[in-house]
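Here is the structure we will look at, set down as structure tokens.
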Amino acid sequence: MIYCMSERVFEIKGFKIVVKRGDITVERVDAVVNPANSLMIMGGGVAGAIARKGGREIEEEARRHAPVPIGKAVATGAGRLPARYVIHAPTMERPAERTTVDNVRKAARAAINEALRLGVKSVAFPALGAGVGGVPVRESVRAILKEVSENARPPLEEIRLIAWSQRDYEAFIEAVEEFISGQ
């Protein structure tokens, strides 16, 4: 099975931004970001995929921190994933709720701050708040990039933006290009 069909590399404020089409659960990075809910229930979407492939121990560890408010993030081990950590950054309070771009910004900022606390060099993000959250993919990616450009610093070096579908991959690319041209 092929997990990465497409990849583009950009630079924003000295950080390597890698946009990939693929499966975030197979990314060899220091941390992957889970667009969580405050209760840390990992049922569907990216969270469900992380729990299925990494093991339910990820959810069990995350649930010990619940409730985690929007704007905060917690890290757990990554179970069987190739990453070292999963950073759980809530975009919504309860599973499958609609969310906002403001909550995506808060979640992205919290995930970056947690990555910095952990001292990691590479982090993989999916589109936060998209899917059941209802935030358009391009808006989600622009919000993540805004937080990266304002809050990321060494030792963080590489941010991967991972899109599952070709349609989302194209939206990720468009969002990054728009963000760079607006700087």
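All of (1) within 19 Å of Ala31 (Cβ to Cβ); (2) modelled with pLDDT under 95 hold for Ala143 with one exception: (2). For Glu178, the test of being at pLDDT 95 or above, within 20 Å of Glu27 (Cα to Cα) and among the charged types (D, E, K, R) is failed. Close Cβ contacts (under 8 Å, 6 or more residues apart or on different chains) running from residues in the stretch 43-55 that are in a loop (DSSP other than H, G, I, E, B) to residues that are basic (Lys, Arg) comprise Gly55/Arg80. Against the conditions (1) touching a Leu at 6+ places or on another chain (Cβ under 8 Å); (2) within 21 Å of Ser122 (Cβ to Cβ); (3) surrounded by fewer than 24 Cβ atoms within 10 Å (Cβ to Cβ), Val74 satisfies every one except (1). Note on the stretch 26-47: among residues that are surrounded by fewer than 23 Cβ atoms within 10 Å (Cβ to Cβ) and of a type in the set (Val, Ile, Thr), the one that is nearest to Met92 (Cα to Cα) is Ile41. Residues of the stretch 115-132 that are surrounded by fewer than 16 Cβ atoms within 10 Å (Cβ to Cβ) and either closer than 18 Å to Arg21 by Cβ or free of Cβ contacts under 8 Å to residues at least 60 places away in the same chain (or both): Arg117, Gly119.
Of the residues making up the stretch 56-71, those that are of a type in the set (Gly, Ala, Ser) and either touching a residue at least 40 places away in the same chain (Cβ under 8 Å) or surrounded by fewer than 18 Cβ atoms within 10 Å (Cβ to Cβ) (or both) are Ala66, Gly71. Being assigned to a helix (DSSP H, G or I), out of contact with any helix residue (DSSP H, G or I) (no Cβ under 7 Å at 6 or more places or on another chain) and of a type in the set (Gly, Ala, Ser) is the filter; apply it to the stretch 137-183 and report the residue that is surrounded by the fewest Cβ atoms within 10 Å (Cβ to Cβ). Applying the filter and picking the extreme gives Ser181.
The values are calculated or read from the model by the stated rules, or taken from the named source; none is laboratory data. All figures in this text were calculated on a predicted structure; none of them were measured in a lab. No Cβ is skipped: glycine too gets one built from the backbone with ideal geometry, and neighbour counts run over all protein chains shown.
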